[in-house]
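As structure tokens, the structure follows; a few thoughts come after it.
Please treat every number below as a calculation from the coordinates, not as lab data. As the structure is a computational prediction, the values presented were derived from the model and not from experiment. Reconstructed Cβ throughout: ideal geometry from the backbone, glycine too, with neighbour counts over all protein chains shown.
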Amino acid sequence: MPEKKTYVIVGANQCGGSAAETLRKEGFGGRVVLIGAEPERPYERPPLSKEYLRGEEERDRIFLRPPEYYDEQQIELRLGVRATQLHTREREVELDGGERLGFDKLLLATGGRVRRLPVPGADLEGVHYLRTVADSELIASEMKSARRAVVVGAGFIGAEVAASARMSGLEVTILEIAEVPLERALGTEMGRIFADIHREHGIDLRLGIGAERFEGGQRVERAVTSGGESVECDFVVIGVGIDPETALVERTEIKVEDGITVDEYCQTNVEGIFAAGDVANFPNPFLDEQIRVEHWSNAQKQGVAAAKAMLGVREPYAEVPWFWSDQYDLNMQYVGHASEWDEVVLRGDVAGRKFAAFYLKDGRLRATMAVSRPKEIAASRKLIPAGTQLTAEQLRDEDVDLRKLASGE
């Protein structure tokens, strides 16, 4: 009887959990080992800055599967264990206790690590980062007794945490070094709109200014800005982005460039070793470029695609990126990926917070951001991969049916 193969997944997160599930759904009968540095089984991260942070969602609901699922599916959970070294020639992963775990195929779903702010006082009690469920619970406990919070960084995590804190009744100050919130993702024009939204909800939004240091005794009491201003606070949340977690492969021959480089089948340059999720830099056929995406949808779908590729299914991973952000009572959705654009075309009612913004490059739609306009998102899912030539007039005119443009009518 042939010996069963062992497939190892490093990263017991949304991506890794989805991959493990898929291996079993697709009929893989060998050994599946899921290694996670956190003590928790796979869970979804989006609620951590929103519903779960505000106490509106029960803990059990954030997990992908109940505990018994992994026993039933014979998926070995190795939680609270960190993979420290990868031996590609020996086909082994070394764990922090010294154990070496052999594999036939390996999926790296190591995700990202929070970017630390190297300023004095960042190690004081009450200064937090948000990446894990434990982080979210700690910040939530702070919110229950606090009156004033400082959020450093107005990217999506910072903006969502600030909105959640404000919705919970706290006084909130945001310090953002850029000209506007969400500038890197949405650009200056759209960032100004979100700046207005936060200020309308009572946020003290300070732009073009960073955190120079944090002061206090054992615990943070104030943030001092790069402009010399002092902002009193009960706690701080720093959200200045994440970096791809590539430490495991950096002493190997696996190619790393803004994440782990993979092909259209999620495979690295080393046979039998795959990568997916936040850590993977992959070719997108619709956008004609290599991209790395830090969103729930990509983690979920690419985990599935990588698992199928491990089983020999040759289906290129070809998805139009999509994500959402809930801030206050607004739902924002974004489809596509625009690192640069010629113009941003607006459609709808900006003042009424029901509009879409289309990012055009050389007459092609690269991305669409919409607030309370799901139809534009649905149409853009088809327009972007179709590569349809569009004009600003067509996109701006609400009498033009974008679904017909997508179907070539």
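Spread over its residues, the convex hull of the C-alpha atoms of the range 151-205 is 58 Å³ per residue.
Here the Gaussian network model covers the chain, with springs between Cα atoms less than 10 Å apart; of Glu44, Glu21, Glu94, Glu94 fluctuates the most. Under 20 Å of direct C-alpha separation, and excluding same-chain neighbours fewer than eight residues apart, Lys375 reaches these lysines: Lys354, Lys404.
Note that the range 86-103 has calculated 3J(HN,Hα) couplings of 10, 10, 5, 5, 7, 6, 9, 10, 9, 9, 5, x, x, 5, 10, 9, x, 9 Hz, one per residue in order, obtained from phi through the Karplus relation 6.51 cos²θ - 1.76 cosθ + 1.60 (θ = phi - 60°); glycine and proline are x. Out of every Cα-Cα pair in the chain, what percent are more than 28 Å apart? Above the 28 Å cut-off, the chain has 52 percent of its Cα pairs.
What the Kirkwood sum gives for the range 127-240 is a hydrodynamic radius of 13.9 Å, with every pair of different alpha carbons counted. Near Tyr43, the amide H atoms lying under 5 Å from its own belong to Gln14, Leu64; only residues 5 or more places off or on other chains count, and H is placed 1.01 Å from N. So if I take the centroid of the Cα atoms in the range 346-409 and the same for the range 30-60, what is the distance between those two points in Å? Distance between centres, Cα-based: 34 Å. In the chain, the calculated helix contribution to ellipticity at 222 nm averages -7500 deg cm²/dmol per residue, counting -39,500 (n - 2.57) for every DSSP H run with n ≥ 4.
When only Cα pairs under 8 Å and 6 or more residues apart are kept, what is the percent relative contact order across the range 329-406?
30
Cross-link partners for Lys50 among the lysines, with Cα-Cα distance under 17 Å and sequence neighbours closer than 8 places in the same chain left out: Lys144.
Computed from backbone phi with θ = phi - 60° and the Karplus coefficients 6.51, -1.76 and 1.60, the 3J(HN,Hα) list for the range 173-179 is 10, 9, 10, 10, 6, 7, 6 Hz; x is used for glycine and proline. By the count of other C-beta atoms within 10 Å, a proxy for reagent exposure, His337, His201 are ordered fewest to most as His201, His337. Distance from the alpha carbon centroid of the range 233-272 to that of the range 296-335 works out to 17 angstrom. Per residue, the convex hull spanned by the Cα atoms of the range 274-409 amounts to 111 cubic angstrom.
Our coupling estimate for the range 194-210, obtained by passing each phi through the Karplus curve with A = 6.51, B = -1.76, C = 1.60 and θ = phi - 60°, is 6, 4, 4, 4, 5, 5, 4, 8, x, 6, 8, 9, 10, 9, x, 8, x Hz, Gly and Pro reported as x. Springs join every pair of Cα atoms under 10 Å in this Gaussian network model of the chain, and among Gly111, Gly121, Gly227 the largest mean-square fluctuation is at Gly227.
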